[in-house]
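Below is one structure, written out as structure tokens; the observations come after it.
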Amino acid sequence: MKKITILIPVYNEGANLPALRDALRPLIDNRMTPVPYEWEVLMVNDGSLDNSAALMAQMRLDDDRFCDLNLSRNFGKELAMLAGMDYATGDAVVIMDADLQHPVSVIPQMIAEWEAGYQDVYGIRRSRATDSRVKRWMARKYYSILKKSSRMNVLPHVGDFRLLDRICVNAMRSLRETQRNTKGLFCWIGYKKKEVAFDYGKRNAGKSAYGFARLMELAVDGITSFTTAPLRFATYMGFISAIISLIYLIFIIIKTIFIGEPVQGFPTIMCTILFLGGCQLISIGIIGEYIGRIFKETKGRPPYLVDTFKGKPADSNKN
């Protein structure tokens, strides 16, 4: 019998866990699939500050198909997913959020596509109508920039809700970088992909940890993780600035020779200094983003640290 792991990163989701357990029960009791599977629900507690850890422990006591992995602190969702993949033992791994915005009812369709031979079955939202107009516009621009600046086939409007075959899980586990953009890594590893459309549900309870600032941080991480286009942009900006400055220098020399130049050049000088200074600061900032990533990676620290794990031993995971 094939085994499927449902991987759920958890951060302050205590209000959602009981409803999540109830929603998963029909699935893991094999009442939603035409053939039975062995199930494992692996919840990764990413340093929650609420009662999530206690609820996860109780769910484990009530049903040993629920496994709880507690990280030593909050490492972020990207690394929590990596930890889950390291500890998952299924032939396939379904990644979903704990807030029920990813509908459990779509998972059987993902499994059917997996059984048909696809190795990465990803959920794609039918509509972003629930997002604000500004957020939809920014999402379109972000994916447009990423697609144009990267040689990788970027999948727009696709999140973490997906089923991965064991071969994809092992590929993701082999990528040990700590500055992760998992959505990009899913595209980078390749393999046979298939989309499954779904309607994004309302959050069951609580507020999302991904505010505007966090989303902007993820956007910068996505761009800097998979393309050096910003560095190239800084180079182009430097060349353009140099050419403009040279043209202006020639203009000043010619004007001084034939017309003369009184002392009143202060506004021109200030505009030139501010323009060049702005270009330099932007370039330094872009370079700093990449240097910062290099600095963090060269430390060689482990991506995450585990506090406790209750489930199948990690050393028995499939290779």
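Read the figures in this text as sums done on the coordinates, not as results from a lab. Quick caveat, the model's predicted, so the values are computed rather than measured. Every residue, glycine among them, receives a Cβ derived from its backbone with ideal geometry; neighbour counts consider all protein chains shown.
Observations on the structure shown:
- Pairs from the table (K77/K296; K2/K194; K193/K299; K183/K296) lying more than 25 angstrom apart at Cα are K193/K299.
- Label-to-label distance, nm, for residues given as V306 and R176 (7 Å Cα→Cβ offset): 1.5 nm
- Alpha-carbon spread of the range 1-120, three principal axes, descending order, Å: 41, 26, 24
- Charge sum, other residues only, whose C-beta stays under 12 Å from W114's C-beta, Lys/Arg counted +1 and Asp/Glu -1: +1
- Spacing of the modelled spin labels on L61 and I244, each 7 Å from Cα toward Cβ, amounts to 6.7 nm.
- Taking other residues whose beta carbon is less than 15 angstrom from the beta carbon of E195, and scoring Lys, Arg as +1 and Asp, Glu as -1, yields +3.
- Added length on full extension, which subtracts the Cα-Cα distance from 0.36 nm per residue, E115 to L276: 52.1 nm
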